[in-house]
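Contents: one structure, followed by commentary.
The values are calculated or read from the model by the stated rules, or taken from the named source; none is laboratory data. Treat the numbers as computed from the prediction; the structure is a model and nothing was measured. Glycine also receives a Cβ, built like all others from the backbone with ideal geometry; neighbour counts cover every protein chain displayed.
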Amino acid sequence: MLKSLVVSLRPKQWVKNLILYAPLVFSRNFFEWNQTLKVTLGVGVFCLLAGSVYLLNDIVDREKDRLHPLKSKRPLASGALSAKTAWAAFFLLAGAGAAAGFASGTLFGVLALGYFALNVAYSFYLKHVVIIDVMVIAIGFVMRVLAGAAIIEVPATPWLLMCTILLALFLGFAKRRHELVLLNDSADGHRRVLEHYTPYFLDQMMPVVSAATVMSYALYTISPETVAHFGTSKLIYTIPFVLYGIFRYLYLVHLREQGGSPTHAFLSDKPLLINVLLWLAACILIIEGTI
């Protein structure tokens, strides 16, 4: 039962919470260890809340998940974990996460609780509303970034928020496309909102947000505010990493039929993972004035 419970918390998906470190990096506090510790504790809070939300999703969707070729293997859908145990773990994790969030700061606690409430609303209703379903996922990433800034008491720049929401929209639409292609005619039986999507429609949306993501990041690297803040214009040299990351992900979605889980794609595709790590290293070195 314990193993099934851990699987239901989807610890691999907690990688998404690492985006809380973005304000730490871009505020030039990466090597301030007391600030890094604060963000690390914040990531732990969001992992608790995210785990509880994943449990709630599996409880609500367990009947539909049984129709999915992959999700039918989840503990709640397969019967390996009882709904009663899942509900108990949900309330325990959600309570612990909320308490730890407010202990880390009032604003951080409000953002963490807002993130949790948004995801609960998503589980029960918003995931059935076309386009809004993906936008809610993107807003969740923005709230993580805001929380990462709040816990170390630095401002989250509009550029960072814009790039975050655009990239999250791109990944969200790619996920919907993967679900449509994988499930074919039974797609709307698994996720009701999929009846409003088509691969063609999503193929129109993805280029819009991917192009906007690249342009926003490019403009951020050369903006006078960025150059003045970091004292360098060298961030422009990180644009090729962003371009390759977008192109590689599009390749995985269209030619390798991946994209159902951005986390799995990042962790399993070595070229993409190496590219992300190189981009991160280049940003840190440039921002900290090492190169």
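State whether one or more residues within segment 179-202 are over 30 Å from A103 (Cα atoms), not hydroxyl-bearing (S, T, Y) and not in a helix (DSSP H, G or I). Show your work before the answer.
Here is the first cut: in segment 179-202, the ones over 30 Å from A103 (Cα atoms) are 179-202.
Now narrow it down to the ones that are not hydroxyl-bearing (S, T, Y): 179-185, 187-196, 199, 201-202.
Subsequent filtering for residues that are not in a helix (DSSP H, G or I) retains 191.
So far as segment 179-202 goes, yes, one or more of its residues are over 30 Å from A103 (Cα atoms), not hydroxyl-bearing (S, T, Y) and not in a helix (DSSP H, G or I).
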statement: Selection over segment 94-103 where residues are touching a Gly at 6+ places or on another chain (Cβ under 8 Å) and more than 9 Å from V45 (Cα to Cα) yields a count of 2
query: Y237: surrounded by fewer than 18 Cβ atoms within 10 Å (Cβ to Cβ), touching a helix residue (DSSP H, G or I) at 6+ places or on another chain (Cβ under 8 Å) and at pLDDT 95 or above, yes or no?
result: yes
message: Considering only residues that are in a helix (DSSP H, G or I) and farther than 20 Å from L113 by Cα, which ones fall in segment 135-163?
response: P158, W159, L160, M162, C163
field: Restricting segment 187-215 to residues that are touching a residue at least 24 places away in the same chain (Cβ under 8 Å) and surrounded by fewer than 18 Cβ atoms within 10 Å (Cβ to Cβ), the residue that is farthest from V242 (Cα to Cα)
entry: G189
task: Mind telling me which of the residues L118, L111 ends up being crowded, with 21+ Cβ neighbours inside 10 Å, within 22 Å of A168 (Cα to Cα) and not assigned by TED's automatic domain parsing to the domain that holds H229?
output: L111
message: Regarding segment 179-192, can at least one residue be identified that is modelled with pLDDT under 90 and assigned by TED's automatic domain parsing to the domain that holds K16?
response: no
- prompt: If you scan segment 131-185, which residues turn out to be without any contact (Cβ under 8 Å) to a residue 40 or more places away in the chain and among the small types (G, A, S)?
  reply: A138, G140, A168, G172
statement: Flagged in segment 87-103 as more than 13 Å from L5 (Cα to Cα) and either outside the structural domain of V120 (by TED's automatic domain parsing) or touching a Leu at 6+ places or on another chain (Cβ under 6 Å) (or both), in numbering order, are A96, G97, A98
- request: Could you tell me which numbered condition T36 fails, if it satisfies all but one of (1) of a type outside the set (D, E); (2) surrounded by fewer than 22 Cβ atoms within 10 Å (Cβ to Cβ); (3) under 30 Å from R192 (Cβ atoms)?
  value: (3)
